[in-house]
1. Take GLN279 and tell me if it is farther than 22 Å from ARG326 by Cβ and surrounded by fewer than 18 Cβ atoms within 10 Å (Cβ to Cβ).
2. Could you list all residues from region 186-204 that are free of Cβ contacts under 8 Å to residues at least 40 places away in the same chain and either among the hydroxyl-bearing types (Ser, Thr, Tyr) or surrounded by fewer than 15 Cβ atoms within 10 Å (Cβ to Cβ) (or both)?
3. Conditions: (1) in a loop (DSSP other than H, G, I, E, B); (2) more than 17 Å from ALA391 (Cβ to Cβ). ALA122 meets all but one. Number of the miss?
4. Out of all the residues in region 155-166, which are in a strand (DSSP E or B), more than 26 Å from the chain's Cα centre (by Cα) and not hydrophobic (A, V, I, L, M, F, W, C)?
5. Only residues that are of a type outside the set (D, E, K, R) and modelled with pLDDT under 95: list them for region 197-213, please.
6. Would you check which residues across region 105-134 are of a type in the set (S, T, N, Q) and free of Cβ contacts under 8 Å to residues at least 24 places away in the same chain and list them?
7. Which residues, taken from region 243-291, are in a loop (DSSP other than H, G, I, E, B), under 19 Å from VAL205 (Cβ atoms) and charged (D, E, K, R)?
8. Which residues, counting only those in region 109-154, are under 20 Å from the mean Cα position of the chain (by Cα), surrounded by 17 or more Cβ atoms within 10 Å (Cβ to Cβ) and closer than 22 Å to ALA189 by Cα?
Amino acid sequence: MNESEIRRALRGVAVPDEALSAERSWRVVSAAFESREPVRWTRRHRGLVVAFAGAALLAAAVLVAVLTPPGQAVVDRFRDAVGRTPSQPALVRLPAPGRLLVNSSAGPWVVHEDGSKRLLGAYGDASWSPRGLYVVAAEGQHLVAVDAETGEVRWSLARTLPVRDPRWSGGGLDTRIAYRAGSELHVVAGDGSPDAVLAEGVAPVAPAWKPDSHVLAYAAGDGRVHVVDVDSRRQLWRTRTVKGVRELAFSGNRLAVSTSTRVIVFRRGKPTPFLELPQGHVLLDTAILRFGGVLYADYDPQNDATALFRSDCTITGACRLVPDVRMFEGPGRISNLVTSPDRAWITAGWAAADQFLFFESAPSPPRRLGKVDAVSNVTAEFSPGDDAGGAFPVIAGWVP
């Protein structure tokens, strides 16, 4: 669809009434999958929808573009519809309450709502504790828990193998931390003791905790995903073999298993295909928005471009014919989708433009273009003094 066709379509389409509600952030709270029955991704039906429903024309209307240096390569054919959003030269504030945890080549940073930042130390992979009071980090063969405000080390563990992917559970004050040491999966109490090996031969995938529990999912080397009660070490259920598991995320009683091309939702081991990309495309990340829509990053290697699509079809019935809406498009890889604590905003990392993007989560279906805040020069901001420029930073979480 070219620009003139989009304009003609926009003049003749009526915005549909608001429908479909749910809540839950893909990584934080759990309502969307729990209250809805997932169905296979519906982009292949787009042609049928256009023939039968004017609502499909909305798919080209709600693009959000950040046309700022160095982001001028963003699809110019949509600029008249969405306008231009200037970027900020630094992360001087957050658009919503809370604190960010940003992993950079210098180490993890805590970013407050007013833009003030603290570097916690020269650590690697880091993640929040359930209430955001502490940060657990991995560095070499050490696991370290530090105070999120002062950076003071509360405790540390040394292992004989490199430590990776520490994740801290909920469950009140009695918390657990899961992490990988080589191909072993360890679980340690939130105060640093005791530490035990839960499984061996695990895949290089971060484990995932069911919210507010001691139930953990992890990917084994054979492609099966196991769900266990870590206190009793009892396996609750396991999945069939899934090739190329890249990410695990609980949503209520359901477990979303992501690969590079699809998402499968399991409930007690029973699979339901939820999202599948066209052949040759790569699924970079997925998140659930404030009013129930699913946002996902679809990377096209052939054109070296990423499109962020919003899908509001997560239930059965006539919703199958509703097309996914292209919300944003830009060159290179755009991923790192993280929702704010109030689920009103969602972040994205755009390495090609050296920007963090903050999208306002609009009602479902979108009645307007959501606001976009763009922050440039983030690599240098989170790797000060690094003459080589450092690695592009990654937002590891957003907590109250």
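1. No, not satisfied.
2. The answer is ALA189, ASP191, SER193, PRO194, ALA196, VAL197, GLU200, GLY201.
3. All conditions pass for ALA122, except number (2).
4. SER156
5. If the condition is that a residue be of a type outside the set (D, E, K, R) and modelled with pLDDT under 95, then PRO211, SER213 are the ones that fit.
6. SER116
7. LYS243, ARG246
8. Hits for region 109-154 are GLY124, ASP125, ALA126, SER127, TRP128, SER129, PRO130, GLY132, VAL135, VAL136, ALA137.
The values are calculated or read from the model by the stated rules, or taken from the named source; none is laboratory data. What you are looking at is a predicted structure, and each value in this text was computed from that prediction instead of being measured. Don't worry about glycine lacking a Cβ; one is built from the backbone with ideal geometry, like all the others, and counts go over all protein chains shown.
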